[in-house]
Amino acid sequence: TAGFNPAYLRLVTMLAWLVMGWHWLGCLWWFIGITSEGGPDWGPQQFLTSHDGKLTEKYLFAVYWSVAMTTGIGGNGRPETAIELIYTSATIIAGIFMIAIVIGNFASILANIDAITAAKRERIAGINHYMRTRKVPFGLQQRILSYFDYAWAWGTGEADMLTDLPVSLRLQLSL
């Protein structure tokens, strides 16, 4: 469609992958925490592992742990067994890469979103400069700019700026 920017789809896809990563890191943390012989501080809290705990609370706490560890805020407790130490270290390293990828992708996506607007502004500036140097009458300038606004709104403003003009406006411009 004319108004859809694929950069927005890239942004949503990247955020979905980020949430999916947090989900799996949290679920694996929960599994290791309730099955390892480690200390009581590293894994899920006792009240969350009881059968009375709501699944929603358990899930949200696991996702909270993975978000806290990958963003550098830190999780609860300290690991005591080898598997806990390895998993916590791997999660922190994964978090470093996740942050680097997210920052890089956000910068790229925002640059792509703004690039289209910047290209349109640059083209309008070129058209205005051309019309000023040719001393085009103000009324004709307004009609030409209105035409380009209309053409870009419908996604047809990508061709050469003068060949885009209808014949009648090109004739008036050449006079």
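The values are calculated or read from the model by the stated rules, or taken from the named source; none is laboratory data. Note that the structure is a prediction, hence the values are computed from the model and not measured. Quick reminder, even Gly has a Cβ in these numbers, built from the backbone with ideal geometry, and neighbours come from all protein chains shown. Calculation scope for accessible area: heavy atoms of the full protein, side chains included, ligands and nucleic acids excluded. Shrake-Rupley method; radii C 1.70, N 1.55, O 1.52, S 1.80 Å.
Between Ala100 and Glu80, the simple label model (points 7 Å from Cα in the Cβ direction) yields a spacing of 3.4 nm. A straight chain from Val12 to Ile92 at 0.36 nm per residue would run longer than the Cα-Cα distance by 26.4 nm.
The calculated FRET efficiency for Gln142 paired with Ile113, based on their beta-carbon distance and R0 = 22 Å, is about 0.15. Surface listing: Ile113, Ile83 arranged by accessible area from highest to lowest gives Ile83, Ile113, probe 1.4 Å. Computed in the context of the full set of protein chains, the accessible area of the stretch 70-143 at 1.4 Å probe radius has 68% of its extent on carbon or sulfur.
Taking R0 as 35 Å, what FRET efficiency do you get between Val19 and Arg121 from their Cβ-Cβ distance, rounded to the nearest 0.05?
Working: r = 35 Å, r/R0 = 0.99.
FRET efficiency, Val19 to Arg121: 0.50.
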